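Some notes on the structure that comes next.
Since every read-out is calculated from the coordinates, none of them should be taken as a lab result. All values derive from a computational prediction rather than experimental measurement. Using ideal geometry, Cβ is built from the backbone for each residue, glycine included, and neighbour counts are taken over all protein chains shown.
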Amino acid sequence: MDPRTLTSRTPPTPAPATGPAGSSRLVPLVCWAALATDGYDLFAYGATLPSIIAGPPWHVGAAAGGAVGSLALVGVLLGSLVAGTLTDVLGRRRLVLACTTLLSVAMALSALAPTFALFGAARFVTGIGIGGLLPTAIALASESADPRYRSRVLGAVLTGPAVGGVLAALAALVLLPEHGFRAVYLLGAAPLVLVVPLAAVVLRESPEFLAARAGGGERPAAGAGAAVAGLFRGGTTPGTLGLWVVNLCSLLATFGFSTWLPQIMRSAGFELGSAISFLLVYNAGAIAGTLLAAALAERLGAKVMVLTGFATAAAALLVLATTPPGWALLLLVAVTGFGGLGTQNMINDHVAGFYPARLRATGLGWALGVGRLGAIAGPTYGAVLVGAGASITAAALAFAVPVVVGAAVMASVPRRSPAAVAGPAGPASR
């Protein structure tokens, strides 16, 4: 059925929203808290990696450290693909609760793992929860926000992963000297008793999902396979493939750089605490970049901000390659986070508006899922550099390459898919 004809009839009343009345304004806040959990669990590995490598109890090398970093991101890939599709079938609220619970339990298992192999397995399960949570929480927050302020709200929600990264770096700085890396992972289980109960009470199902399921507005895809097929119909294929490549380049640079940043700085002669503080500054820059880009996106559009972020990150990495003084290194790392992880958040904003509502979470899940191939390669890419004794100069230049490629491809991706232009208006990617 042509989706344009659906607006000419009176839709049936949607099923009542799940959650207490009046809680819809708190939905973005709870999604932010869940994504902060997501970010903590993801960035905890980079913050603790210098202590794990060549240290007790496992004495692993750079290659093994990179392999576990990539293994966790294989889990993120699977979580993105599976949950990103299931949420368009089962609903956003259920998946947010399930993924937050899963990654919290897996962090506790990481803390208790007796061997490095079991630690790697626990990181893989953590990755599944992380990968499933991000597209689901983005879709729920986007569809629960006032359309007039959607980019601003989504931008604020998307600071969650970077805030989690800051908390992971702070936890590592405080806990590593006295309690070791296990304490950092055990703290990552706290959302099981802090965030999950709050989410169960506050979260409401997306109004757009309920309307679609009830038969009003845009109909949901008949199933997971149909939802994925919809990403390649009606002239949407070039944009879908382009967004996959953009995500792949962005996530390769983001996760490769953030995973190995403390170790690269440690190898350059910085003390452990100083090396970890670079990760803290990187995420602080990402928070500022996300907020500024989200505010400007309401006037300039998400695509413009993605291109600006790529250019900013590339410039910072090129200047970083000149190995300026210590204070300038901190500033440039912050600017890299400003344009790097901040850019990734604006890509998510762009993808959310590129597709119509019936394909939004599926589009987000698959764009992030395919992009996770880059994220999986990133830690191994960095491990090769560290294993070869690469300097700050070589590492910065190596990570600038995917940033430049991503910018070139993004320039060719349209603002909205033909299906979104033809159908009822969702959150437009301006």
remark   = Between the residues Leu373, Ser110, Ile347, the Cα farthest towards the positive end of the dipole of the chain, that dipole coming from +1 and -1 charges on the beta-carbon of Lys, Arg, Asp and Glu, is from Ile347
query = Which of the peptides 383-392, 62-71 is most tightly packed, and how do the rest follow, judged by the mean count of other Cβ atoms within 10 Å per residue?
reply = 62-71, 383-392
message = Between 0 and 90 degrees, rounded to the nearest ten: what's the tilt of helix 116-144 against the longest Cα principal axis of the chain?
response = 40
note = The exposure ranking of Trp327, Trp366, Trp260, Trp244, fewest beta-carbon neighbours within 10 Å first, is Trp327, Trp244, Trp366, Trp260
query = In the stretch 22-417, with Lys and Arg counted as +1 and Asp and Glu as -1 at Cβ, which of these residues, Leu90, Ser274, Ala408, has the Cα nearest the positive end of the dipole, that is, farthest along it?
reply = Leu90
task = Choose one answer from Ala141, Ala54, Ala189: the residue with the largest mean-square fluctuation in a GNM of the chain with alpha-carbon springs under 10 Å.
result = Ala54
task = At 7 Å along the Cα-to-beta-carbon direction for both Ala229 and Glu178, put a label point, then send me their distance in nm to one decimal.
result = 6.0
inquiry  = Cut-off 14 Å, label point 7 angstrom out along Cα-to-Cβ of Glu271: give me the residues of the stretch 163-191 whose amide nitrogen falls inside.
reply    = 173-174, 177-178
key: Diffusion constant of the stretch 291-360 at 10 °C, which comes from Stokes-Einstein with the Kirkwood Cα-pair radius and 1.306 mPa s, µm²/s   = 124
The chain: calculated mean residue ellipticity at 222 nm from DSSP helix runs of at least 4, using -39500 (n - 2.57) = -25500 deg cm²/dmol
ask   = Computed from these coordinates, which is Kirkwood radius over Cα pairs in Å: [x] 22.6; [y] 21.2; [z] 23.2?
value = [y]
ask   = What's the angle, to the nearest 10 degrees (0 to 90), between helix 360-387's Cα axis and the longest principal axis of the chain?
value = 10
task = Report the charge-dipole magnitude of the chain in Debye, nearest 20, computed about the Cα centre from +1 at each Lys and Arg Cβ and -1 at each Asp and Glu Cβ.
result = 980
query = Counting Lys and Arg as +1 and Asp and Glu as -1, each charge on the Cβ, what is the dipole of the stretch 28-180 about the Cα centre in debye, to the nearest 20?
reply = 300
Check: the stretch 289-430 dipole with +1 on Lys, Arg Cβ and -1 on Asp, Glu Cβ, in debye = 440
inquiry  = If N is the number of residues in the stretch 322-371, what value comes out of its Cα radius of gyration divided by 2.2 N^0.38 Å?
reply    = 1.65
query = Taking only Cα atoms, what is the 0 to 90° angle, nearest 10, from helix 341-354's long axis to the longest principal axis of the chain?
reply = 20
task = Compute the semi-axes of the equivalent ellipsoid of the stretch 144-289, taking the square root of 5 times each eigenvalue of the Cα gyration tensor, and list them largest first in whole Å.
result = 38, 22, 14
